[in-house]
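All remarks here apply to the structure that follows.
The values are calculated or read from the model by the stated rules, or taken from the named source; none is laboratory data. Here the structure is a predicted model, which is why all the values come from computation and not from measurement. A quick note on method: Cβ atoms are made from the backbone with ideal geometry, for glycine too, and the neighbour counts reach across all protein chains shown. Each accessible area value is taken on the protein alone, full model and side chains, heavy atoms only, with ligands, DNA and RNA left out. Shrake-Rupley method; radii C 1.70, N 1.55, O 1.52, S 1.80 Å.
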Amino acid sequence: MYDLYDGLIFDMDGTILDTEPTHRQAWHQVLSKYAMRYDFEQMIALNGSPTWRIAKFIIDDNQVDMDPHHLAAEKTVAVREMLLDTVQPLPLIEVVKSYHGRRPMAVGTGSEHDMADALLRHLGLRHCFDAIVGANDVQNHKPAPDTFLLCAQLIGVPPEKCVVFEDADFGIEAAKRANMAVVDVRKL
């Protein structure tokens, strides 16, 4: 179905791995220490953003004086403690398996690089991907195109010959801005 593309790029959280419940649980755990709350529906709009950007949104929404990088670091520690025990692949992983060895593939995620690498290794999927680009690998995060442009560069495929699989509005915008085809997996 995707044979007309020379490279396939996948978002990770919510696209190929079901990590969202664990991320929500980690946010709840960390925020409860500070008596902060978050609106789940508003958080969905931030999917694909780096953790510090989500932390800044939560801090601003709760009108708290706190370093978003500190809050993000706490959330990252919490999610690391839980994620390997809970993460499961989503059905789109069948596309990954189908194109493994046939097309270069990359993961372009708002998660940190080492977290993405650890999750994919834990699930026995890391070998399917030629490259991983995480939030700490780029200066400008989704909706900027940098994540996907670096993925294309690392797999050696021109952006206009890549297709991106995404589940978030920021990621879809980033793929379009990178001049790549995009599949909104929420509509599959």
TODO: Select from the range 81-94 the residues that are open to solvent by 90 Å² or more (accessible area, probe 1.4 Å) and assigned to a helix (DSSP H, G or I) and list them in ascending order.
DONE: Glu81, Asp85, Glu94
Open item on the list: Which condition from (1) under 27 Å from Glu173 (Cβ atoms); (2) open to solvent by less than 10 Å² (accessible area, probe 1.4 Å) is the one that Ala78 breaks?
Closed with: (1)
Task: Looking only at the range 100-131, and only at residues there that are small (Gly, Ala, Ser) and outside any strand (DSSP E or B), the one that is farthest from Asp13 (Cα to Cα) - done: Gly101
- [ ] Would you check which residues across the range 153-176 are acidic (Asp, Glu) and part of a loop (DSSP other than H, G, I, E, B) and list them?
- [x] Asp167
Open item on the list: So for the range 109-127 (the condition being in contact with a Ser or Thr (Cβ under 9 Å, 6 or more places away or on another chain), closer than 28 Å to Phe57 by Cα and open to solvent by 60 Å² or more (accessible area, probe 1.4 Å)), does at least one residue qualify?
Closed with: yes
Open item on the list: With the requirement that a residue be touching a residue at least 60 places away in the same chain (Cβ under 8 Å) and open to solvent by 40 Å² or more (accessible area, probe 1.4 Å), what does the range 157-188 give you?
Closed with: Pro158, Lys161, Asp169, Phe170, Leu188
Open item on the list: Can you say whether Lys97 is under 22 Å from Leu17 (Cβ atoms), free of Cβ contacts under 8 Å to residues at least 40 places away in the same chain and open to solvent by 40 Å² or more (accessible area, probe 1.4 Å), as far as the supplied structure shows?
Closed with: yes
Open item on the list: Yes or no: the range 143-152 includes at least one residue that is outside any helix (DSSP H, G or I) and surrounded by fewer than 18 Cβ atoms within 10 Å (Cβ to Cβ).
Closed with: yes
Open item on the list: Take the residues in the range 1-15 that are over 12 Å from Val183 (Cβ atoms) and among the aliphatic types (A, V, I, L, M); name whichever of them is surrounded by the fewest Cβ atoms within 10 Å (Cβ to Cβ).
Closed with: Leu4
- [ ] Provide a single number: the residues in the range 131-142 that are buried (at least 18 other Cβ atoms within 10 Å of the Cβ) and either free of Cβ contacts under 8 Å to residues at least 60 places away in the same chain or polar (S, T, N, Q) (or both).
- [x] 6
TODO: Provide a single number: the residues in the range 1-57 that are under 18 Å from Cys151 (Cβ atoms), in a loop (DSSP other than H, G, I, E, B), under 18 Å from the mean Cα position of the chain (by Cα) and at pLDDT 90 or above.
DONE: 5
Task: Test set (1) outside any helix (DSSP H, G or I); (2) without any contact (Cβ under 8 Å) to a residue 12 or more places away in the chain; (3) farther than 29 Å from Gln153 by Cα - Met66 fails condition number - done: (2)
- [ ] Say whether the condition of being outside the structural domain of Lys176 (by the TED database), crowded, with 17+ Cβ neighbours inside 10 Å, more than 25 Å from Gly124 (Cα to Cα) and of a type in the set (Ser, Thr, Tyr) is met by at least one residue in the range 32-50.
- [x] yes
